[in-house]
Amino acid sequence: MPLWFIRGLRRGVVTTRYPARPEPSAASLPTPPAFRAERLNADLADRLGRVCPSRALRREEDVLIFDVGACTACGRCREAAPEAVTASGEFELAATARARLVKRIPLPREARP
Ligand code: SF4
């Protein structure tokens, strides 16, 4: 249990100093994936699209489309392909436009269909 929670119960303060100060407990939060593009190929991109329950991943021709706004950070893609997918560690994902949350990850040239 995070210390800030216990401290808050004692003092009656229920919020942390975030975002003025980094929140250490954020390190244990699940975060969206990051991709090692050089390890992707068309088959793997298709497989990632199939395991993603929120349809945040799909392949379009020679590009893996990653909709960060749809990702729930469930980790299924990382479990399916640990050689190509890692946790990003990034949880501050606010954007001023929805389209900025959609990432296009080019597949390596030799891996294209
Ligand atoms: S973490 Fe889950 S929701 Fe996000 S892209 Fe991977 S499989 Fe999809």
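From the Cα trace of the chain, what convex hull volume per residue do you get, rounded to a whole Å³?
Measuring per residue, one finds 125 Å³ for the Cα hull of the chain.
Between region 58-113 and region 30-47, what is the C-alpha centre distance in whole Å?
7
May I ask you to derive the FRET efficiency for residue 54 and residue 7 from their Cβ-Cβ distance with R0 = 30 Å, giving the value to the nearest 0.05?
So the FRET efficiency works out to roughly 0.30.
Report the GluC sites (Glu not before Pro) located in region 47-85 that are in a DSSP loop and have at most 16 other Cβ atoms inside 10 Å of their Cβ, or state none.
61, 83
Quick check for you: which residues of region 18-48 have the amide N under 17 Å from the point 7 Å beyond the Cα of residue 87 toward its beta carbon?
23-36
Under the classification rounded if a/c is under 1.5, otherwise prolate if a/b is larger than b/c and oblate if not, where does region 56-113 fall, given a ≥ b ≥ c as square roots of the Cα gyration tensor eigenvalues?
Taking the square roots of the gyration eigenvalues as a ≥ b ≥ c, region 56-113 is oblate.
Kindly express, to the nearest 10 degrees and within the range 0 to 90, the angle between helix 42-51's C-alpha long axis and the longest C-alpha principal axis of the chain.
Approximately 40 degrees, to the nearest ten.
Throughout, read-outs are computed from the coordinates displayed, never taken from laboratory work. Fair warning: this is a prediction, and the values are worked out from it, not measured in the lab. Cβ sites come from the backbone with ideal geometry, for glycine too, and all protein chains shown count toward neighbours.
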